[in-house]
Amino acid sequence: MRLYCVGIGPGGGKDLTGRAREVLESVELIVGYATYVDLVRDDFPHAEFLSTGMRGERKRCELALEQASAGRRVAVVCSGDAGVYGMAGLLIELAPAYDDVEVQVVPGVSAANGGAALLGAPLAHDWCCISLSDLLTPWQTIEERLDAAARVGLCVCLYNPASRGRADHLCRACDVLLRHLDPHTVCGVVRNVGRAGESYRVLTLAELRGFQADMLTCVFVGNATTRVVDGRMVTPRGYALDADTRTGGTVPCARGTVPPARVYASEAGRAQVLVFGGTTEGRLLVEWLDARETCDVVACVATEYGASLLDGGGRVTVLRGPLDEATKRRLMDEHDFACIVDATHPYAKHISQSVARLGKDHGVPVVRVRREDCAEGAWTSVRDVGQAARHLANTSGNVLLTTGSKDLATFVDAIPNAAERLYVRVLPVPAAIERTQELGVPTSHVIAMQGPFSAELNAALVRDLRIEYLVTKRSGAVGGFASKVEAAQNCGIELVVIERPCEPQDTAADGSYVVAKLEEAKKLLEDVHGI
């Protein structure tokens, strides 16, 4: 006797395939989990129904096998596809005990496929499916699978993201994924796929971490190439786009990965500008270029903070993540940029040198935006992080570091009793906070805040934490340098300033490399380059 295991799709009657409907019309008994049985009950009034509750899977399958062995025409129904977290596997495992019963699996539309269709095309390239339920799989195994998927760049569809008994599983899963993925990685959530109250939303991985999901939610996590196109989530296969095809949007690039070929193509006749940013000046310049409607912009930013300053879409495409030299050169080869703008941080000396070489090698003019200096006062000047750390090693008293997490190890290694003396202000992102934990900074000494900060707030921190040394970079007006100078002077503490590295100061005679302040750079782009 044949026993059918039928995938009814996530929404039941309206999602049934032709084959599934044909089978269910031919049987006399339909068995399944109560919720799934109710999805098809009204569509097949001729049949008898038998249902069990949650965790009654084995009993349900054995009842179906017994009824089929007794000569009845039976179908076991499963939401979505019968072979994707369905009963097909268990039925086949139990069937050998019933010699006269043959199990036939009838495929259906999975929640992964149904949800992906609502979002757009998030699973258009390689992907995997992982359940966050640890009822049958140890959580450690789930974490290992999540880590491996993110590390190799697979898109991930998450089933069973949360329940009353494990409300934090999605948050914990996001923390694992964030080891390898940018917080701005494009994600999507779909609830009640194919059912009443169906809804979906596109969001970032950072936002997903705090999302309140349940058992009716299906979660999609993109990879380094996934982006938003006209509000829809798309993971490109890598097809080359025609020259007049516009793909504006956002392309987050995970650590060590390369953005896909032809991620961006400009409208015919419109100039293209390549901007290396991640700073306030970079944001202001990209907004100015976008508002002029005279060019298309590719903006490259290395950090999540830099990415947060820009919105992709329309005439702006944002590449998020570090780009190696080969990737930068490929970007130049595939685009006809009218000019390159270097609006990176004044302390990112190696990036500015790389951008200068890039322009020279490809014969494209470079405009370096120089950040304006500000503030006068007395402070202790040091040439680099190492000298600042050595200076503090010979002092006593609490230290407030406002130089971020990147160079934190230098201070921790050099300063005696660093865990007691150091207070660290970092951006409120997982990677920065995790770095402080790795280096042994107590959580009570970590201030996760995003600036800018007023002189009053800086002074309040100094007084509350009994700070005697404040360490900063000479970041200029937009970096809040003046407010730190004022706070240090008002509180009577020592300000240790890491001076800017030497960078090109002169404009090349042929105009191939120009150093200019922000407003001067805008005028140059407009008057000289016709943008």
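The values are calculated or read from the model by the stated rules, or taken from the named source; none is laboratory data. Predicted model, so just to flag it, every value in this text is computed and none were measured. Neighbour counts run over all protein chains shown; Cβ positions are idealised from the backbone, glycine included. Only protein heavy atoms, including side chains, enter the accessible area calculation; ligands, DNA and RNA are left aside. Shrake-Rupley method; radii C 1.70, N 1.55, O 1.52, S 1.80 Å.
In this simple spin-label approximation, ARG151 and LYS360 carry label points 7 Å from Cα along the Cα→Cβ vector, and these lie 3.9 nm apart.
Rounded to the nearest 10 degrees, the angle from helix 325-334 to the longest Cα principal axis of the chain is 80 degrees. Computed from Cα atoms, the angle from the helix 349-362 axis to the main principal axis of the chain rounds to 80 degrees.
For the peptides 130-137, 291-298, 447-454, residues were scored by their other Cβ atoms within 10 Å and the scores averaged per peptide; the highest-first order is 291-298, 130-137, 447-454.
Here's the list of lysines a cross-link from LYS349 could span, going by alpha-carbon distance under 26 Å and ignoring same-chain residues fewer than 8 apart: LYS328, LYS360, LYS406, LYS473, LYS484, LYS517, LYS522, LYS523.
The trypsin sites (Lys or Arg not before Pro) of the stretch 345-396 include none that meets both criteria, a DSSP state outside H, G, I, E and B (loop) and at most 10 other C-beta atoms within 10 angstrom of the site's C-beta. Using a simple spin-label model with pseudo-atoms 7 Å out from Cα toward Cβ, GLU499 and ASP43 lie 7.6 nm apart.
Once the 1.4 Å probe is applied to the protein heavy atoms, the chain comes out at 44 Å² accessible per residue.
Which whole-number percent is the relative contact order of the chain (Cα, under 8 Å, 6+ apart)?
On the way: 1095 pairs, mean separation 51.4, N = 531.
Over the chain, the number comes to 10 percent.
For the pair GLN387 and ARG201 in one chain, pulling the backbone fully straight at 0.36 nm per residue adds 62.1 nm over the alpha carbon distance. Which of rounded, prolate, oblate describes the stretch 147-235, given a ≥ b ≥ c as roots of the alpha-carbon gyration tensor eigenvalues and a/c under 1.5 marking rounded, otherwise prolate only if a/b is larger than b/c? It comes out oblate by the Cα gyration axes.
With Cβ to Cβ distances under 14 Å as the rule, what net charge do the other residues near LEU465 carry (K, R +1; D, E -1)?
On the way: positive: ARG421, ARG425, ARG463, ARG466; negative: GLU420, ASP464, GLU468.
My count for the surroundings of LEU465 gives +1.
Taking the inverse of the mean 1/r over every pair of distinct Cα atoms in the chain gives a Kirkwood hydrodynamic radius of 26.7 Å.
From the helices alone, meaning DSSP H stretches of at least four residues, give me the mean residue ellipticity at 222 nm for the chain, per-run term -39500 (n - 2.57), in deg cm²/dmol to the nearest 500. If you can, show how the numbers build up before the last one.
Working: 19 runs with 174 residues, N = 531.
Rounded to the nearest 500, the figure is -9500 deg cm²/dmol.
Need the full-extension length gain, GLU143 to LYS517, defined as separation in residues times 0.36 nm minus the C-alpha distance. One decimal, nm.
Working: separation 374, 0.36 × 374 = 134.64 nm, distance 4.80 nm.
Additional length available on full extension: 129.8 nm.
Helix 518-527 and the long axis of the chain differ in direction by around 80°, with both axes built from C-alpha atoms.
The modelled label-to-label distance between LYS406 and GLU62, using points 7 Å beyond Cα along the C-beta direction, is 6.3 nm.
Farthest toward the positive end of the dipole of the stretch 146-186, out of LEU177, VAL152, ALA162, is the Cα of ALA162, where the dipole comes from beta carbon charges about the Cα centre. Of the peptides 200-211, 480-491, the order by per-residue mean of other Cβ atoms within 10 Å, starting with the highest, comes out as 480-491, 200-211.
Note on the stretch 3-151: with neighbouring protein chains present and a 1.4 Å probe, carbon and sulfur make up 48 percent of its accessible heavy-atom surface. Applying both filters, DSSP loop and at most 15 other Cβ atoms within 10 Å, to the trypsin sites (Lys or Arg not before Pro) of the stretch 29-62 gives ARG55.
Based on the mean of other Cβ atoms within 10 Å per residue, sort peptides 461-469, 175-183, 97-105 so the most packed one is first.
Working: 461-469: 17.1, 175-183: 20.4, 97-105: 14.9.
Top of the packing list down: 175-183, 461-469, 97-105.
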